[in-house]
Amino acid sequence: MPKKHNFGAGPCILPSSVMEQAAQSVINWGGMGLSILEVSHRSPEFEDVVLKTQLLVRELLSVPDHYSVLFLQGGASTQFAMVPMNFLSAGKKASYLDTGYFAQKAIKEARLFGEVEVVASSKDKNYAYIPDQFNLDKASAYIHYTSNNTIEGTEVFDFSATGVPVICDMSSDIFSRKIDVNDFDLIYAGAQKNMGPAGMTLVIAKNEFLNRAKKEIPSMMDYRIFRDNMSMYNTPPVFSIYVAMLNLLWLKDQGGVSGIEQRNIEKAKLLYAEIDRNPLFYGTADVAHRSRMNVTYLAVNKDVEAGFLKFAADQGIVGIRGYRTVGGFRASLYNALPLSSVEVLVNAMATFEKIYSDKTVLELE
Ligand SMILES: *Cc1c(COP(=O)(O)O)cnc(C)c1O
């Protein structure tokens, strides 16, 4: 069966060369006569993988020396609780930007640990935009952003200096565009959207900020434990880290983050142009805040929606059904998705428009 055009929101498409190397290593890793799935995480070979992966993260995102790069587990969802567990205490306040489904989940967890002030929300318009005006209490322990709203299809392009520590959930756009790590005190991301397979969570944090964390934290929830044990306090997600390393090597070959960013811009432009041109579809996010990673759009009616989903499936296009709170379509354009797949989708939309209007004309006659 030919490979599908995978627009899934996560776990996401990975480059086929990475899949092939990973598959080979499951059978026999580096000619060692062992599978990557059965090597000791304390072996020098695997320690080397952790080190290399950390260095690749540092190199690709220009992470300054006074930041730590950590590999955790539990997904970004565990970070929703781990962040306030470390940095928010009873009687203290943290500020959150409510920009969608995942931001709300982060807010819900933070409320277990202290006061949460939602400084701005775009709920009034079904999260179709990023609020850019808000007042921030300087006494806040931190402000929490979601850089890319995976479900609603909006992305933050401006993290203006705020005067309080900045924490950001970058699960769905990390490594897709250049960022200045200096703008943030702590970044977290579930790996399965642009970094590798599910199972590992990346954290990049300023050391001085980590040193200010609360003291009485369970070990597995304490960032400093991971920092001081090279992310190997317990058994790390060996395979997930290994495949992330392969994927980051691939990314480096693509010209790094700035190289892939150019291609991501091109892919998003192509699809948004078709959405704006094609009378059967329309975009849901405000143009200024349109995500380059998750393109959300609706059909003009239910007939077109159902018809196009089926038509697209026949062309080998998968993963474009929108999340239930938004409906319609969501095409995720993560790093490994080739421009050619976007061309297939865009052509399918144009062809469907033609078939649909011919059919409507016939029905009217
Ligand atoms: C997918 C996603 C999450 C949830 O990640 P898990 O690793 O499944 O816990 C959180 N935040 C954002 C922005 C996401 O896209």
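Laboratory data are not the source of any read-out in this text; all were calculated from the coordinates shown. Worth saying up front: this structure is predicted, and the values here are computed from it rather than measured. Cβ sites come from the backbone with ideal geometry, for glycine too, and all protein chains shown count toward neighbours.
Distant-in-sequence amide contacts of Glu117, defined by a placed amide H-H separation under 5 Å and a gap of 5 or more residues or a different chain, comprise Ala94, Ser95, Tyr96.
Using the Cα gyration tensor of the stretch 125-248, with a ≥ b ≥ c the square roots of its eigenvalues, what is the shape: rounded (a/c below 1.5), prolate (a/b larger than b/c) or oblate (neither)? Present the calculation step by step, with values, prior to reporting the outcome.
Working: a/c = 2.20, a/b = 1.22, b/c = 1.81.
Cα axes put the stretch 125-248 in the oblate bin.
Counting neighbouring beta carbons within 10 Å and listing from fewest to most, the residues Thr284, Thr146 come out as Thr284, Thr146.
What do you get for trypsin sites (Lys or Arg not before Pro) in the stretch 187-227 restricted to DSSP loop and a cutoff of at most 11 other Cβ within 10 Å of the site's Cβ? Each step should come with its number before you reach the end.
Working: sites: Lys193, Lys206, Arg212, Lys214, Lys215, Arg224, Arg227; in loops: Arg212, Lys214, Lys215.
Qualifying residues, ordered by number: Lys215.
Relative to the longest principal axis of the Cα atoms of the chain, the long axis of helix 339-364 makes an angle of roughly 30 degrees. Taking θ as phi - 60° and the Karplus parameters 6.51, -1.76 and 1.60, the scalar couplings of the stretch 37-51 work out to 6, 10, 7, 5, 6, 9, 5, x, 5, 6, 4, 5, 4, 4, 4 Hz in sequence order, x denoting glycine and proline.
Above 34 Å lies some portion of the pair distances; for the chain, what is it as a whole percent of all C-alpha pairs? Before the final figure, lay out each step's value.
Details: 20107 of 66430 pairs.
That tail contains 30 percent of the Cα-Cα pairs.
Taking other Cβ atoms within 10 Å as a rough exposure proxy, Leu333, Leu251 sort from fewest to most as Leu251, Leu333.
Quick one: His144, His41, His289, fewest Cβ neighbours within 10 Å first, how do they rank?
Working: His144 29, His41 16, His289 21.
Sorted ascending by nearby Cβ count, the order is His41, His289, His144.
Taking amide hydrogens as placed 1.01 Å from N in the peptide plane, the amide H of His5 sits under 5 Å from those of Ile317, Val318, each at least 5 positions away in sequence or on another chain. The residues packed around Ala139, meaning those with a beta-carbon under 9 Å from its beta-carbon, carry a net charge of +2 if Lys and Arg are +1 and Asp and Glu are -1. All distinct Cα pairs of the stretch 255-364 go into the 1/r average, and the inverse of that average, the Kirkwood radius, is 14.4 Å. Rounded to the nearest whole Hz, the Karplus-based 3J(HN,Hα) values (6.51 cos²θ - 1.76 cosθ + 1.60, θ = phi - 60°) of the stretch 107-124 follow the sequence 4, 4, 5, 4, 4, 6, 10, x, 7, 10, 10, 7, 6, 6, 9, 10, 4, 4, with x at glycine and proline. Annotation note: trypsin sites (Lys or Arg not before Pro) in the stretch 1-63 located in DSSP loop regions with a Cβ neighbour count of at most 14 within 10 Å are Lys3, Arg42.
By per-residue mean of other Cβ atoms within 10 Å, what is the highest-first order of 290-296, 131-137, 112-118?
On the way: 290-296: 25.9, 131-137: 12.3, 112-118: 16.6.
Put in order of decreasing packing, that is 290-296, 112-118, 131-137.
Protection proxy ranking, highest mean first, for peptides 342-352, 97-107, 255-265: 97-107, 342-352, 255-265, where packing is the per-residue count of other beta-carbon atoms within 10 Å, averaged.
Distance between the modelled labels on Asp286 and Val118, one decimal in nanometres: 1.7 nm (7 Å Cα→Cβ projection).
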